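Asks: Handing you this structure, nothing more for now.
The values are calculated or read from the model by the stated rules, or taken from the named source; none is laboratory data. For clarity, every value in this text was computed on a predicted model and none was experimentally measured. Neighbour counts run over all protein chains shown; Cβ positions are idealised from the backbone, glycine included.
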Amino acid sequence: MATLKMPNPATDTRFGRSITFRDGVVVVGSESAAYVFKRNNGLWKFAQKLTPPAADGQVDFPIALRYEAGTLLASAYRNVAPSVVYVYGLDATGRFVRRATVKASDARPAIISARTSA
């Protein structure tokens with residue numbers, strides 16, 4: 001068993017409101033960021049903090065998270081504009097980089113299903 005702690009608890013809230021894990025990677029959502037932890041030699045270590053681009057004006061990130069096969073999806077919600085899903089991929093160094101932004105056609109929250117297809 002392991003306890004994952006937010007790297008800087010004074011600046012963020014609601015740590016653990018969304019979570020995804022697979023293949024030695026755990027991504028934990030808070031109110032304004034997603035925190036990536038990686039398991040190395042049986043120990044979980046903080047690896048990266050992901051935030052939406054400031055210009056996007058997101059007010060709620062991430063609502064939901066999904067990680068599979070090196071791709072991370074993180075949905076976000078804005079009060080006055082369509083919601084988005086950010087698509088991140090792993091680069092050659094093992095860090096997540098934003099590859100795409102998918103915008104909703106309306107202002108409803110973008111929800112990522114936890115179900116997988118066979």
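Asks: Which ones in the range 83-96 are surrounded by 14 or more Cβ atoms within 10 Å (Cβ to Cβ), of a type outside the set (A, V, I, L, M) and modelled with pLDDT under 95?
Replies: SER83, TYR86
Asks: Since VAL80 meets every condition but one in (1) within 11 Å of the chain's Cα centre (by Cα); (2) modelled with pLDDT under 95, which condition does it not meet?
Replies: With (1) within 11 Å of the chain's Cα centre (by Cα); (2) modelled with pLDDT under 95 applied to VAL80, the lone miss is (1).
Asks: Here is a follow-up. Can you tell me which residue is farthest from ALA100 (Cα to Cα) among those in the range 50-68 that are among the charged types (D, E, K, R) and either over 9 Å from the mean Cα position of the chain (by Cα) or surrounded by fewer than 15 Cβ atoms within 10 Å (Cβ to Cβ) (or both)?
Replies: Initially, the range 50-68 is screened for residues among the charged types (D, E, K, R), giving 56, 60, 66, 68.
Narrowing the set further to residues that are either over 9 Å from the mean Cα position of the chain (by Cα) or surrounded by fewer than 15 Cβ atoms within 10 Å (Cβ to Cβ) (or both) leaves 56, 60, 68.
Working: ASP56: 13, ASP60: 18, GLU68: 16 Å.
Checked the range 50-68; the qualifying residue farthest from ALA100 (Cα to Cα) is ASP60.
Asks: Sticking with this structure for a sec: Assuming LEU72 fulfils every condition listed in (1) more than 8 Å from the chain's Cα centre (by Cα); (2) part of a strand (DSSP E or B); (3) of a type outside the set (Gly, Ala, Ser) apart from one, which condition is it?
Replies: Of (1) more than 8 Å from the chain's Cα centre (by Cα); (2) part of a strand (DSSP E or B); (3) of a type outside the set (Gly, Ala, Ser), only one is false for LEU72: (1).
Asks: So which residues in the range 23-35 are under 8 Å from the mean Cα position of the chain (by Cα) and either among the basic types (Lys, Arg) or in a strand (DSSP E or B) (or both), if there are any at all? Reasoning before the result, please.
Replies: We begin by selecting, within the range 23-35, every residue under 8 Å from the mean Cα position of the chain (by Cα); these are 27-29, 33-35.
Within the range 23-35, VAL27, VAL28, GLY29, ALA34, TYR35 qualify.
Asks: Right, here's the next one. Using the structure shown, decide if ALA100 is of a type outside the set (D, E, K, R), in contact with a strand residue (DSSP E or B) (Cβ under 9 Å, 6 or more places away or on another chain) and under 27 Å from ALA2 (Cα atoms).
Replies: Here the answer is no, as ALA100 does not meet what is asked.
Asks: Which members of the range 23-49 meet the condition of being exposed (fewer than 13 other Cβ atoms within 10 Å of the Cβ) and among the charged types (D, E, K, R)?
Replies: Of all residues in the range 23-49, those exposed (fewer than 13 other Cβ atoms within 10 Å of the Cβ) come to 23-24, 40-43, 45.
ASP23, LYS45 - these are the residues of the range 23-49 that are exposed (fewer than 13 other Cβ atoms within 10 Å of the Cβ) and among the charged types (D, E, K, R).
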